[in-house]
Amino acid sequence: MRSTTRTGSTVCAALLVVSLAAPIANAAPVGGNGGCLSRHGAVGRSKGHMVRDEIRTTGTDKLTGWLSRHPAAQSNAEAQVAASTSVTVPVVFHVINENTTVAGGNVPKSWITNEIAVLNASYSGSTGGADTGFQFALQSITRTTNAAWFKLTGGKEKKMKAALKVGGPETLNIYSADLGKTLLGWSYFAQDAAKDGVLDGVVIHFDTLPGGPWGAHYSGGDTATHEIGHWLNLYHTFQGGCQGNGDFIADTPAEASPAYKCPAHRDTCPAPGADPVTNFMDYTFDSCMYQFTSDQAVRMQEAWTAYRAH
């Protein structure tokens, strides 16, 4: 939930976790990932769920300040969402593999086209949420056989992206690789696109694509849905817990902590409204999350205008 004043909220930067007025749930440094958002699976599948991610964007919520300097932008974004006018985001998908097998990361084209279909359904509202006004068009697929990059860590990320990244902040570069046993993916915020440069984009574990081995829990394609939400400047629904500005979204009820699996009747904060466990920006199973809200749609449109549009 957000306040109408939309004041900034400091979050952790680089490799240092800083003090917060409203602490971010599970915030912790992850070496080498700069100012990104990473979806962790460290809890392990033996417990039936994986931890989605830890927020790690730098500084404050810069979009709040940008909107204060551009007061017409919010009403313009609201009008665009209301009119269901679509922004089409070009997507370049980079397959990183260690050999020609699917197990080695060489995912079939059908997994990628199915992922684009998942994104377009999720962002159009056809799964049950708000129409965000975004659609995604696959421009090209690259395939790179590099065993070192396939076992991707932060130390290899910049070199890989420098070799492969296409376009500017308006182009969504998605990289699939093996992120190990503790990561589903990570992303960089729109507000930091100019600073992040070549690092800007989304990284996902190749097994999270539709067709992967993790079934409805984590191979439904919604790792990318979630990470692109961050790429468009959305925070987690549980940002800040029950206090403060939360996720800067008025129509997501406050949530004290991440939700896992698909809990029923969960309500962790005294403010009105049950926890938004079906929201794409929570931590539940892919099969549980199915919606963005109208205010999330507006914030994404604002961020696109501020940081990604030509």
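Figures for the structure shown
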| quantity | calculated |
| --- | --- |
| Hey, LEU184 more than 19 Å from TRP66 (Cβ to Cβ) and in contact with a helix residue (DSSP H, G or I) (Cβ under 7 Å, 6 or more places away or on another chain) or not | yes |
| Breaking point among (1) out of contact with any His (no Cβ under 8 Å at 6 or more places or on another chain); (2) on the phi > 0 side of the Ramachandran plot, for GLU227 | (2) |
| In the range 252-304, the residues that are in contact (Cβ under 8 Å) with a residue 40 or more places away in the chain and among the basic types (Lys, Arg) | LYS261, ARG299 |
| All positions within the range 135-169 that are assigned to a loop (DSSP other than H, G, I, E, B), open to solvent by less than 30 Å² (accessible area, probe 1.4 Å) and within 27 Å of TRP304 (Cα to Cα) | GLY168 |
| In the range 273-285, residue surrounded by the most Cβ atoms within 10 Å (Cβ to Cβ) [restricted to those that are within 24 Å of TRP214 (Cβ to Cβ) and among the aliphatic types (A, V, I, L, M)] | MET281 |
| The range 182-235, residues that are of a type in the set (Asp, Glu) and in contact (Cβ under 8 Å) with a residue 40 or more places away in the chain | ASP192, ASP196, ASP222, GLU227 |
| Qualifying residue in the range 271-284 (condition: aliphatic (A, V, I, L, M), modelled with pLDDT of 95 or more, within 15 Å of the chain's Cα centre (by Cα) and in a loop (DSSP other than H, G, I, E, B)) | yes |
| Qualifying residue in the range 287-303 (condition: among the polar types (S, T, N, Q), part of a loop (DSSP other than H, G, I, E, B), open to solvent by 30 Å² or more (accessible area, probe 1.4 Å) and under 20 Å from PRO210 (Cβ atoms)) | yes |
| Complete set of residues in the range 56-81 that are more than 23 Å from the chain's Cα centre (by Cα) and of a type in the set (Gly, Ala, Ser) | SER68, ALA72, SER75, ALA79 |
| Checking GLY240 against (1) in contact with a helix residue (DSSP H, G or I) (Cβ under 6 Å, 6 or more places away or on another chain); (2) over 20 Å from THR132 (Cα atoms); (3) buried (at least 24 other Cβ atoms within 10 Å of the Cβ), the condition it does not meet | (1) |
| Qualifying residue in the range 260-272 (condition: out of contact with any helix residue (DSSP H, G or I) (no Cβ under 9 Å at 6 or more places or on another chain), surrounded by fewer than 24 Cβ atoms within 10 Å (Cβ to Cβ) and within 19 Å of PHE134 (Cα to Cα)) | no |
| So GLU255, is it among the acidic types (Asp, Glu) and within 26 Å of THR113 (Cα to Cα) | no |
| Meets criteria (part of a loop (DSSP other than H, G, I, E, B), modelled with pLDDT of 95 or more, open to solvent by 30 Å² or more (accessible area, probe 1.4 Å) and of a type in the set (Val, Ile, Thr)) for THR252 | no |
| Those residues of the range 92-130 which are within 14 Å of GLY221 (Cβ to Cβ), part of a loop (DSSP other than H, G, I, E, B) and open to solvent by less than 40 Å² (accessible area, probe 1.4 Å), in sequence order | VAL107 |
| Candidate set: the range 55-84, residues that are open to solvent by 80 Å² or more (accessible area, probe 1.4 Å) and among the polar types (S, T, N, Q); chosen: the one modelled with the lowest pLDDT | ASN76 |
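The values are calculated or read from the model by the stated rules, or taken from the named source; none is laboratory data. The shown structure was predicted, so the numbers you read here are calculated from the model rather than taken from an experiment. FYI the Cβ positions are ideal-geometry reconstructions off the backbone, even for glycines, and counts take in every protein chain you see. We work out accessible area using only protein heavy atoms, side chains counted, and drop any ligands, DNA or RNA first. Shrake-Rupley method; radii C 1.70, N 1.55, O 1.52, S 1.80 Å.
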